[in-house]
Amino acid sequence: MVRHSDIIREIERFAPPALQESFDNTGVQVGDMSDECHGVLICVDATPKIVDEAVAMGANLILTHHPLIFHAIKKVVPRGRIGAVVTKAIKAGIAIYSCHTAVDIAHGGVSWEMARMLGLKNVATLDRQTGRMMKLVTMVPTSHVEKVREAIFAAGAGQLGDYDSCSYAVEGEGTFRALEGSNPYVGDRGELHREKEARLEVLMSSWLQSKVESALRDAHPYEEPAYDFIALANEAPYSGLGIIGDLAEPLDEAAFVALVKRTFGSPVVRATRSRGKKIARVGLCGGAGIDFAPNAMALGADAYICSDTKYNFFLDYEDGIFLVDIGHFESENCTKNIFYRIISEKFLNFAVRKSSIEKNPINYL
């Protein structure tokens, strides 16, 4: 039996809620995650029609990109989009989960997916996050190093981009004296004991601290293991906002715009005036990502793709970079691909579907 929580566990393994921006509301919006899951419907936004679509396909979990509940609400009545969705979903026994800026920031998230769709090579994060990493340092008797390693790796420590099980150990000698009331693993109470130990160091994401600490204490043989969690100023190498990369081959601006429109399904785009230059290096950010255009320019981008761009930015960047606004929905519609891939790969022969009725609420005339 698959529960909602099983589905969400895999989504959160890819995009931990701890990654979300401080203003956001990633997570459960409606429903009980302990309920049995009969099917998942994936969309960008929850609407009353989306709830009807879920009912029609027999799905009782809706997975969205944008949070249904973003700002505080003082009442829930069946009027307006949010109230109508909440009341209709509860009556139908449907849960709703939203994964917003967590999947924007996650390695492999929205901007990474956009870069993959465009065929960009040599990709890197535009705005890397800091304050998201720490180092665990612990002293372990040499006989138990592998057991402790395996436990903390299983808890998520030692993951660096496309590598896992990353650690460093150096052997030395530890000393301790067990006092009255203790129950030492080695040595005798009241006597100074010397033990061959390894100093084990592992990098990890800071939000894993509680889980890793619990795994460490369970696997460590000492009654009182010695360990430190040290906050790091390192940039997270892969998670962050925006991507920069290289096109397979340079394109003129008209050909580049045609590629962008075709790739993201944008019927029209807004762009700065032609500069008559080839486009080889491209920066992009799903959603309202104009803030990272300077990052892209500093890294040599010829063009920058985002959405929700105000007039003054087109004016300011006219001579600096070829700015292309593809529309908010078009820039984040790819989240359906991300969620679908995660669920279908982890839950074989499970009913998961991308919404077939969802369209951009903005109509281009």
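The values are calculated or read from the model by the stated rules, or taken from the named source; none is laboratory data. Everything numeric in this text was worked out from a predicted model, so none of it was measured. Neighbour counts are summed over all protein chains in view; Cβ atoms, including those assigned to glycine, are modelled from backbone coordinates with ideal geometry.
Points to keep in mind about this one:
- Some residue of the range 65-85 being in contact (Cβ under 8 Å) with a residue 40 or more places away in the chain and over 27 Å from the mean Cα position of the chain (by Cα): no
- For Gly245, the conditions (1) surrounded by 14 or more Cβ atoms within 10 Å (Cβ to Cβ); (2) not assigned by TED's automatic domain parsing to the domain that holds Asn295 all hold with the exception of (2).
- Residue within the range 130-140 that is under 30 Å from His107 (Cα atoms), under 33 Å from the mean Cα position of the chain (by Cα), of a type in the set (D, E, K, R) and surrounded by 15 or more Cβ atoms within 10 Å (Cβ to Cβ) present: yes
- Some residue of the range 183-198 being within 30 Å of Leu118 (Cβ to Cβ), at pLDDT 95 or above and assigned to a strand (DSSP E or B): no
- Condition broken by Tyr163, with the remaining ones in (1) within 30 Å of Ser111 (Cα to Cα); (2) surrounded by 14 or more Cβ atoms within 10 Å (Cβ to Cβ); (3) among the aromatic types (Phe, Trp, Tyr); (4) without any contact (Cβ under 8 Å) to a residue 60 or more places away in the chain satisfied: (2)
- When the residues of the range 287-304 are filtered to those that are within 25 Å of the chain's Cα centre (by Cα) and not hydrophobic (A, V, I, L, M, F, W, C), the one that is nearest to Thr272 (Cα to Cα) is Tyr304.
- Residue within the range 291-307 that is more than 29 Å from Ala15 (Cα to Cα) and surrounded by 14 or more Cβ atoms within 10 Å (Cβ to Cβ) present: yes
- Residue in the range 311-327 that is closer than 29 Å to Pro48 by Cβ, in a loop (DSSP other than H, G, I, E, B) and either in contact with a helix residue (DSSP H, G or I) (Cβ under 9 Å, 6 or more places away or on another chain) or modelled with pLDDT under 95 (or both) present: yes
- Options Ile11, Ile7, Ile42; residue that is within 30 Å of Gly161 (Cβ to Cβ), crowded, with 20+ Cβ neighbours inside 10 Å, touching a Lys or Arg at 6+ places or on another chain (Cβ under 7 Å) and β-branched (Val, Ile, Thr): Ile42
- Ala46 fulfils the conditions (1) part of a helix (DSSP H, G or I); (2) under 17 Å from Lys354 (Cβ atoms) except for a single criterion, (1).
- Residues that are within 17 Å of Ala157 (Cα to Cα) and among the β-branched types (Val, Ile, Thr) within the range 218-271 comprise just one, Ile230.
- Residues satisfying the stated conditions in the range 166-184, i.e. loosely packed, with under 14 Cβ neighbours inside 10 Å and of a type in the set (Phe, Trp, Tyr): Tyr168
- Whether a residue is over 30 Å from Glu223 (Cβ atoms) and hydroxyl-bearing (Ser, Thr, Tyr) was assessed, and Thr175 does not pass this test.
- Residues satisfying the stated conditions in the range 260-295, i.e. assigned to a loop (DSSP other than H, G, I, E, B), among the β-branched types (Val, Ile, Thr) and in contact with an Asp or Glu (Cβ under 8 Å, 6 or more places away or on another chain): Val269, Thr272
- Residue in the range 185-217 that is farthest from Met134 (Cα to Cα), counting only those that are exposed (fewer than 14 other Cβ atoms within 10 Å of the Cβ) and in contact (Cβ under 8 Å) with a residue 40 or more places away in the chain: Val186
- Of the residues making up the range 15-23, none is modelled with pLDDT under 95, charged (D, E, K, R) and surrounded by 15 or more Cβ atoms within 10 Å (Cβ to Cβ).
- Taken over the range 115-151, residues that are small (Gly, Ala, Ser), more than 24 Å from Ala215 (Cβ to Cβ) and not in a helix (DSSP H, G or I) amount to 2.
Listed here are the residues, each with its yes/no results for (1) assigned by TED's automatic domain parsing to the domain that holds Asn337; (2) among the hydrophobic types (A, V, I, L, M, F, W, C); (3) out of contact with any helix residue (DSSP H, G or I) (no Cβ under 6 Å at 6 or more places or on another chain).
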position	(1), (2), (3)
Pro225	no, no, yes
Asp228	no, no, yes
Ala254	no, yes, yes
Phe264	no, yes, no
Arg275	no, no, yes
Leu284	no, yes, no
Gly287	no, no, no
Ala298	no, yes, yes
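- Lone qualifier among Leu241, Leu203 - being within 30 Å of Gly289 (Cβ to Cβ), assigned to a strand (DSSP E or B), in contact with a helix residue (DSSP H, G or I) (Cβ under 7 Å, 6 or more places away or on another chain) and among the hydrophobic types (A, V, I, L, M, F, W, C): Leu241
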